[in-house]
Amino acid sequence: MSRTNVDVDIPAILRAARAVKRATLAEVGAHAGYSPSAMSRILRGQMAVTDNALLRIAEFLDVPPVHLGLRLDSPARHAPATVPGEPAAIRVTTGHQCSEDEVRRRIFLAAGAAGVGAAVISAGQADAETVATNPRIDSLEEALFTPGAAVPLPDLTATLTTARADFRAARYSRLRRTLPTLISGAEAARDASTGLAREQACAAVARSYVLATELAVKESSDYAWATADRALTAARASGSPIAVGEAARVLAITMRRSGRINSAVQLLTSTANQLDSQAGREEDVLAVRTTLLLTGAYTAATGGDSHTANDLVAEAERTVGLIPAGRPGELFTVEATAEQVMLYRIGIATALNDPDAGVPHARALDPARLPTRERRARFHTDTARLWTALGDNRRTYEALQAMERVAPEELRRPSIRAVTVGLVHSPARLPGLRAFAVRTGALEG
């Protein structure tokens, strides 16, 4: 094992990850072999720590080693166990290459480097990586690897419709309870079917996994890789170009979160281009192509590629304008509308570190014109990040409060909790902020 970047702000990364996991110093220290007081000094950058001990801390906090500048030089999953005080100790640096807010953003938006037992897809190649289990999704993980009982196609369709409604209404807790049965039942139905019925069951499997991936992305959960990979495999088996587009979109999002920006953009654009010649209802093909281009634009923006981001969002705007009037481009989890394009322009501007460019879109877009609570919550998420980037704490707080009214479960997402914590620790004095932070889970009561 060796270090690839000694200027990484390791204490900030570990502090942010501990906040997300809500782990005590004692819990982290027990896993790594340090006392709570020693862990406190490590997190403040005041105590030396070995590479192997740092790897154990990263494992407990679900931080990919690469984010700490660590590289595993051997194929072994872990280096031999060591104890505090062993040779080759390094000092946890407090270099300021990244601000702590930037580190939190990277942790929350890009920390999931692989899924449990999943094939990691990058530029068409797969390499298996294994990550620690998240106890919140044990039942879903069990569904990924345990066969269930086949469900009749009409019942499967009804359950899938209900699950989709829960996602679009931002009822994530209920969706999480539904998904294990839905996935295992859909896979069993597919395996028990032939012909057209099998293709329909494959489409249901794909969309079940699309929902699971959407939820995993919101929770920054590692199983997103597994569900996204399975979504695309099932979508291809269904023969539906629309299902393939929807699955490719969520797979690209997981690729983006693990830093595979170029590969994600390539997947999105190539899939969008292939749709041009695919059969299907015109509005559906145009709709899925629009969403692929929008996701590609935002993905390119997160990689700092303003040229590609602007080109893709402009093409998405042109494409959405081709959808026949009165025939909305509604897909399974999102939709393709002019308002959706405006929404993405807000996030793209912030990702490109040009938040001023997003302000006109934030002011012009009425969130009530977005058709689902999940999309309205996305508006408030993006505007909260926009105002944070501009240093406007009051408007950031207003966006978070609006999110609570529309979709309170969104506030428990790790990235949104980080925004709330940032407000609490800012100089701003905002009425009711600390109570809000406790109520929404950003701070302990």
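Only residues that are open to solvent by 60 Å² or more (accessible area, probe 1.4 Å) and touching an Asp or Glu at 6+ places or on another chain (Cβ under 6 Å) were counted in the range 344-370, giving 1.
Scanning the range 27-60 for residues that are hydroxyl-bearing (Ser, Thr, Tyr), open to solvent by 50 Å² or more (accessible area, probe 1.4 Å) and either part of a helix (DSSP H, G or I) or under 14 Å from ILE13 (Cα atoms) (or both) returns a single hit, SER37. Just need a number here: residues in the range 215-257 that are open to solvent by 30 Å² or more (accessible area, probe 1.4 Å) and polar (S, T, N, Q). Here the count works out to 3. State yes or no: is ALA287 without any contact (Cβ under 8 Å) to a residue 40 or more places away in the chain and either over 21 Å from the mean Cα position of the chain (by Cα) or not in a helix (DSSP H, G or I) (or both)? No. Taking the range 304-322 as the range and being of a type in the set (A, V, I, L, M, F, W, C) and either buried (at least 17 other Cβ atoms within 10 Å of the Cβ) or touching a Leu at 6+ places or on another chain (Cβ under 6 Å) (or both) as the test, the residues that pass are ALA309, LEU312, VAL313, ALA316, VAL320, LEU322.
Kindly establish whether ALA418 is closer than 28 Å to ALA297 by Cβ, in a helix (DSSP H, G or I), of a type in the set (A, V, I, L, M) and modelled with pLDDT of 95 or more. Here the answer is no, as ALA418 does not meet what is asked.
Would you confirm whether any residue within the range 435-442 is outside any helix (DSSP H, G or I) and out of contact with any Leu (no Cβ under 9 Å at 6 or more places or on another chain)? Looking through the range 435-442, none of the residues is outside any helix (DSSP H, G or I) and out of contact with any Leu (no Cβ under 9 Å at 6 or more places or on another chain).
State all residues of the range 236-266 that are without any contact (Cβ under 8 Å) to a residue 40 or more places away in the chain and within 21 Å of THR181 (Cβ to Cβ); if no residue qualifies, say none. SER238, the sole residue that qualifies.
Within the range 377-400, the set of residues being under 19 Å from ARG434 (Cβ atoms) and open to solvent by 60 Å² or more (accessible area, probe 1.4 Å) comprises THR388, ARG394, ARG395, GLU398.
The values are calculated or read from the model by the stated rules, or taken from the named source; none is laboratory data. Quick caveat: nothing in here was measured; it's all calculated off a predicted structure. Cβ: placed from backbone, ideal geometry, glycine included. Neighbour counts: every protein chain shown. Just so you know, the surface numbers come from the protein's heavy atoms only, side chains and all, with ligands and any DNA or RNA stripped out. Shrake-Rupley method; radii C 1.70, N 1.55, O 1.52, S 1.80 Å.
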